[in-house]
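Nothing in this text is a laboratory measurement; each read-out follows from the coordinates by a stated rule. Remember, predicted model here, so these are calculated numbers, not experimental data. All Cβ positions, even for glycine, are placed from backbone atoms using ideal geometry, and neighbour counts span all protein chains on display.
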Amino acid sequence: MSDVKPGQDGGAQEQARPAPAPPAPSSTDGGSPKISAKERMKIPRQKMPEQDAGERSRNFKEVNLGFTAELARMEALRCIQCPKPLCVAGCPVSVQIRDFIQSVAEGDFAGAARLIKIDNVLPAICGRVCPQESQCEAVCTVGKKNDPVAIGRLERFVADYERDNRLQQVMDLPAPTGKKVGIVGSGPAGLTCAADLIRMGHAVTVFEALHELGGVLVYGIPEFRLPKEIVHAEIDGLRQLGVEFVTNAVIGLTDTVDELLQNGYDAIFIGVGAGLPYFLDIPGENLVGIYSANEFLTRVNLMRAYNPTSDTPVFRVQGKDVAVFGGGNTAMDAVRTSKRLGARRAMILYRRSEAEMPARIEEVHHAKEEGVEFHTLITPLEFVGDESGWLKSVRCLRNELGEPDSSGRRRPVPVKGSEHDIPIEMAVIAVGNGSNPIIRQTTPGLEFTKRGTIVADPETGKTTRPGLFAGGDIVTGGATVILAMGAGRRAAKSIDEYLKSGTW
Amino acid sequence: MFDIVDAQFLAPDVKRFRIRAPKIAARRLPGQFVIVRVHAQGERIPLTIASSDVNEGTVTLVVQGIGRTTKQLNELETGQAVHDVVGPLGRPGEVHKVGTVVVIGGGVGAAIAYPTAVAHHEIGNQVVTILGGRTRDLVILEDEMRAVSDEMIITTDDGSLGRKGLVVDPLKERLESGWRPNLVMAVGPIPMMRAVAEATRPYGIETIASLNPIMVDGTGMCGGCRASVGGKTVFVCVDGPEFDAHQVDFGLLALRNKTYFMQEKESLERFESKIASEPHRCALDKMLEEK
Ligand SMILES: Cc1cc2nc3c(=O)[nH]c(=O)nc-3n(C[C@H](O)[C@H](O)[C@H](O)COP(=O)(O)OP(=O)(O)OC[C@H]3O[C@@H](n4cnc5c(N)ncnc54)[C@H](O)[C@@H]3O)c2cc1C
Ligand code: FES
């Protein structure tokens, strides 16, 4: 593997062989194996076992099967234990990556889990969905000459090992402070904030609008990428710590934020996510067969419409052609879901080129293996329906790449006269989300940006109203799980300070 | 779980439930709705809140058994419970003192129109109610409506109660003879709302329709409930459900509501064949088994 170009993602080109024999660690009993830096560098990045592409494109079971203990230890040996670990700086929540990997190499998986959990309360989730290639793994020193250490896969392994072997430590909670915090939204931002606050001795209640907890983790990200069981296990852990959960509570409508404050909550954290999907704003967008990614994924994931006898229906795509518009994780999830539901052609139509796709590289790679077609540099103009109003095709233009735009990416410029029709029976729009208006309409004095996001200090989560904190997608616009968690964590710290000092 | 305090059939296939949900009961305003899930594997369906009793902490829902979920719900009895009730959702309807208000309820639409009629009555508007149904048995809430109406007209398609014809007929006649109410509220099946909108349009009378698209979350997250009003896309669950009827694209609404026509039919058939092939048992047991 020494001829692999630096900085490239491991996903596509790592070795298929699981664990090569040399230079295996000399012993499997605990203790640090003796191995030179040179030998470490010779170990190829370990491939994570996964379901066969043909098989998995017809089921909803998790694609990745996770490292075995042997693979994990082998991969951990690749880490050269930098004195100043760049990976830690590359992690939005500064997980002690180097140290936990050392524990893995030593076979102390439970110890590794404890180390991760100091900084990340949801490692089984982050190990699966974080964009490692643009964070910790992007700056990994090993990655400068070789493929980077598979930090995400190790994190996932450690968290799964801990859960499967029921090694989770029961935390000793400090004496109750007598303060009560309300958390609005049970996505990663809210859950992280809740986890930290309960461990600081505050009483915590999480309010969730839907009937199930977890936010995008349960209604958006599909089972084949993040099994719901894992999210439920994390939430059960919080419940055991004493976090109270109230479902079917749309704050702003069932109770307002101000009523929570009047009813004994000393502070409120708002982590209501993005919501309100954008559409393309082109003619024909309301024809039958056109979904927002949120709706399509909610029907399939949250409401289990992948089961044909589910009470909740979803468009029947068996044998039909599907186009998904967008290039992010949401688009990949939607297109792979439609493939699994039996679509004949499942296509990504993206405005820019593949290099600009914001999706995790692993997802793009997996989608291709599963037979998803990628059509890039395409701008949709209009959806066309049949006589009875069902979608039958989309009219598109081809684009060329022009000058860089404000985001630094080359702007797609439509080619005149390149109109063409692509026959499709279902379309999914995955071009991002605006902000849900309910909190805005019902919380006087809380300031919002023009985009509808809440104005909040990125360091403290403080909003323009004393006692109200916010974080996650409702502040940043659609972002990532780990950024939402980071925001939840920073807000918990400043909520704690606020509750102790009583000053804003 | 949300307890059913009372369940009574008002007409064949139309059942009225009082369900304990004290928070929703205390807050809800006319025009708002809830989303209900009957059992742990059920789908989410929107139902308008017909009325509430703050002291008792209950909301009243009137359910017409059309598809699998509504039929399943209508099998539940007093003392049983539904799994989830969330709300009150949607923007309340605006109620101002305007003069004469015509409230038109077609079929089970009467239940949705009822809280609006009450609100207009209480604020001091002259309320003229037109209730209709296919046949006598399907005209519901007649007494309740009469109590808050200054005038009451009933129509049935077959003439078995009130005058024979559609709810829009008496409205049309009166408009033609020069009557000019200040506001018309139309609640019911899409063709009826569309007919009312067309009847009032030439006279420029403000007309409001309460839209009933397919919904999932009911909180503005999915866009499944989108409709076209005045050429613009709206999310009915957060922007509505009440809109200017003259601006609504009813054709599109009807079309989108047929999206799952086949699946619903099959689901209902599965459900009904199951009932037919089994000796009678408690509906809740059946549902628990289906899990
Ligand atoms: C399909 C999809 C795939 C994704 N894939 C990835 C990925 O691979 N990696 C990654 O890092 N990120 C991914 N993301 C982005 C990531 O999921 C989000 O950035 C993250 O979940 C945001 O967390 P949050 O806590 O801010 O909000 P959310 O997860 O959106 O949670 C907000 C919760 O608040 C609830 N809520 C809303 N309004 C109210 C109210 N008024 N009262 C009570 N509750 C309310 C909502 O129902 C929801 O449950 C993906 C997103 C989607 C949609
Ligand atoms: S029902 Fe999902 S946005 Fe209205």
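Could you put A:457, A:172, A:421, A:311 in order, starting from the residue whose Cβ has the fewest other Cβ atoms within 10 Å?
Final ranking by Cβ density, sparse to dense: A:172, A:421, A:457, A:311.
Nearest 0.05, what FRET efficiency do residue A:441 and residue B:83 give at R0 = 35 Å with Cβ-Cβ as r?
E between residue A:441 and residue B:83, to the nearest 0.05, is 0.80.
Short version: ³J(HN,Hα) in whole Hz for each residue of the range B:210-217, in order, from phi by Karplus 6.51 cos²θ - 1.76 cosθ + 1.60 (θ = phi - 60°), x for Gly and Pro, what are they?
Each residue's phi maps through the Karplus curve to give 9, 7, 10, x, 5, 10, 10, 7 Hz.
From the backbone phi of the range A:438-446, what are the Karplus-calculated ³J(HN,Hα) couplings (6.51 cos²θ - 1.76 cosθ + 1.60, θ = phi - 60°) in whole Hz, Gly and Pro given as x?
Values per residue, Gly and Pro as x: 5, 5, 4, 6, 10, 10, x, x, 8 Hz.
Roughly how many Å is it from the Cα centre of the range A:454-504 to that of the range B:17-95, as a whole number?
Spelled out, the Cα-based centre of one part sits 35 Å from the other.
Mind listing which GluC sites (Glu not before Pro) in the range B:107-146 are in a DSSP loop and have 14 or fewer other Cβ atoms within 10 Å?
Filter output for the range B:107-146: empty list.
For chain B, give me the percentage of DSSP beta bridges that are antiparallel, rounded to the nearest 5 percent.
Percentage antiparallel, nearest 5: 60.
Can you compute the charge dipole magnitude of the range B:92-143 about its Cα centre, using +1 on each Lys and Arg Cβ and -1 on each Asp and Glu Cβ, nothing else charged? Give it in debye, rounded to the nearest 20.
For the range B:92-143, the charge dipole is close to 140 debye.
Net charge around residue A:203, counting only other residues with Cβ within less than 14 Å of its Cβ (Lys, Arg = +1; Asp, Glu = -1)?
After counting each charged neighbour, the total is 0.
Have a look at A:357, A:218, A:140 and report the one farthest towards the positive end of the charge dipole of chain A, computed about the Cα centre with Cβ charges (Lys/Arg +1, Asp/Glu -1).
A:140
Could you check what % of the DSSP bridge pairs in chain A are antiparallel, to the nearest 5?
Percent antiparallel among DSSP bridges in chain A is about 35.
Any idea how far apart residue A:39 and residue B:177 come out in nm if each label point goes 7 Å out from Cα toward Cβ?
With each label placed 7 Å out from Cα toward Cβ, I get 10.4 nm.
Under 5 Å between amide hydrogens, which residues at least 5 positions from residue A:290 or on another chain qualify, with H placed 1.01 Å from N in the peptide plane?
Counting only residues 5 or more places away or on other chains, the set is A:427.
Counting only C-alpha contacts under 8 Å and six or more residues apart, can you give the relative contact order of chain A as a whole percent?
RCO, chain A: 15 percent.
For peptide A:300-311, compute the average count of partner chain beta-carbon atoms within 10 Å of each residue's beta-carbon.
For peptide A:300-311, the averaged partner shielding equals 4.
Kindly rank B:164-177, A:484-497, A:101-114 from highest to lowest mean number of other beta carbons found within 10 Å of each residue.
The most tightly packed comes first, giving A:484-497, A:101-114, B:164-177.
Please get the size of the charge dipole for chain A, origin at its Cα centre, with Cβ charges of +1 on Lys and Arg and -1 on Asp and Glu, quoted in debye to the nearest 20.
940
For residue B:10, what residues show an amide H to amide H distance below 5 Å, using hydrogens built from the backbone and excluding near sequence neighbours?
B:15, B:16
Rounded to whole Hz and in sequence order, give me ³J(HN,Hα) for the range A:325-340 from the Karplus expression 6.51 cos²θ - 1.76 cosθ + 1.60, θ = phi - 60°, writing x for Gly and Pro.
9, x, x, x, 4, 4, 5, 4, 4, 5, 5, 6, 5, 5, 4, 5
Which net charge results when you count Lys and Arg as +1 and Asp and Glu as -1 among the other residues whose beta-carbon is under 12 Å from that of residue A:448?
Residues close to residue A:448 contribute a combined charge of +3.
Please report A:134, B:52, A:186, A:310 as a ranked list, fewest other C-beta atoms within 10 angstrom at the top and most at the bottom.
Final ranking by Cβ density, sparse to dense: A:134, A:310, B:52, A:186.
Could you work out, residue by residue across B:128-137, how many beta carbons of other chains sit within 10 Å of that residue's beta carbon, and then give the average as an integer?
Per-residue shielding by partner chains comes out at 0.
Sort B:152, A:332 so the one with the fewest other Cβ atoms within 10 Å of its own Cβ comes first.
Result, fewest neighbours first: B:152, A:332.
What does the extension gain come out to for residue A:407 and residue A:374, with contour length at 0.36 nm per residue minus their alpha carbon separation?
Gain in length upon complete extension: 9.6 nm.
Using alpha carbons only, how many angstrom separate the centre of the range A:364-393 from the centre of the range A:193-225?
33
For residue B:265 and residue A:239, FRET efficiency with R0 = 45 Å and r from the beta-carbon atoms, rounded to 0.05?
It comes to 0.65.
What does the helix-only formula give at 222 nm for chain A: each DSSP H stretch with n ≥ 4 adding -39500 (n - 2.57), the total divided by the residues, and the result rounded to the nearest 500 deg cm²/dmol?
Theoretical 222 nm ellipticity from helices: -9000 deg cm²/dmol.
Taking K and R as +1 and D and E as -1, what net charge do the other residues with C-beta under 15 Å from the C-beta of residue B:86 add up to?
0
Rounded to the nearest 20 debye, what is the charge dipole size of the range A:37-164 about its Cα centre when +1 sits on each Lys and Arg Cβ and -1 on each Asp and Glu Cβ?
So the magnitude is around 380 debye.
If you filter the range A:383-478 for trypsin sites (Lys or Arg not before Pro), then keep DSSP loop positions with at most 14 other Cβ within 10 Å, what is left?
For trypsin sites (Lys or Arg not before Pro) across the range A:383-478 that sit outside H, G, I, E and B with at most 14 neighbouring Cβ atoms in 10 Å, the list reads A:409, A:416, A:450, A:451.
Only residues of the range A:271-303 count here: report those whose backbone N is under 11 Å from the spot 7 Å along Cα→Cβ of residue B:233, or say none.
So the set is A:277-287, A:290-293.
Ignore the peptide's own chain and count Cβ atoms of other chains within 10 Å of each Cβ in A:387-393; give me the average, rounded.
2
Taking 56 Å as R0, compute the FRET efficiency from the Cβ-Cβ separation of residue B:157 and residue A:464 and round it to 0.05.
The calculated FRET efficiency here is 0.45.
Under the rule of at least 5 residues apart or a separate chain, name every residue whose amide H is placed under 5 Å from the amide H of residue A:321.
A:344, A:345, A:425, A:426
Mind ranking A:230-236, A:75-81, A:258-264 by how tightly packed they are, going by the mean number of other C-beta atoms within 10 angstrom, highest first?
Highest mean packing first, the order is A:75-81, A:230-236, A:258-264.
Which order do the peptides A:211-217, A:278-284 take when ranked by the mean count of other beta-carbon atoms within 10 Å per residue, highest first?
The packing order, highest mean first, is A:211-217, A:278-284.
Have a look at B:273, B:21, A:504 and report the one farthest towards the positive end of the charge dipole of the protein assembly as shown, computed about the Cα centre with Cβ charges (Lys/Arg +1, Asp/Glu -1).
Farthest towards the positive pole: A:504.
Dipole of the range B:1-103 (Lys/Arg Cβ +1, Asp/Glu Cβ -1, origin at the Cα centre): which of B:99, B:79, B:32 lies farthest to the positive side?
The listed residue farthest towards the positive side: B:99.
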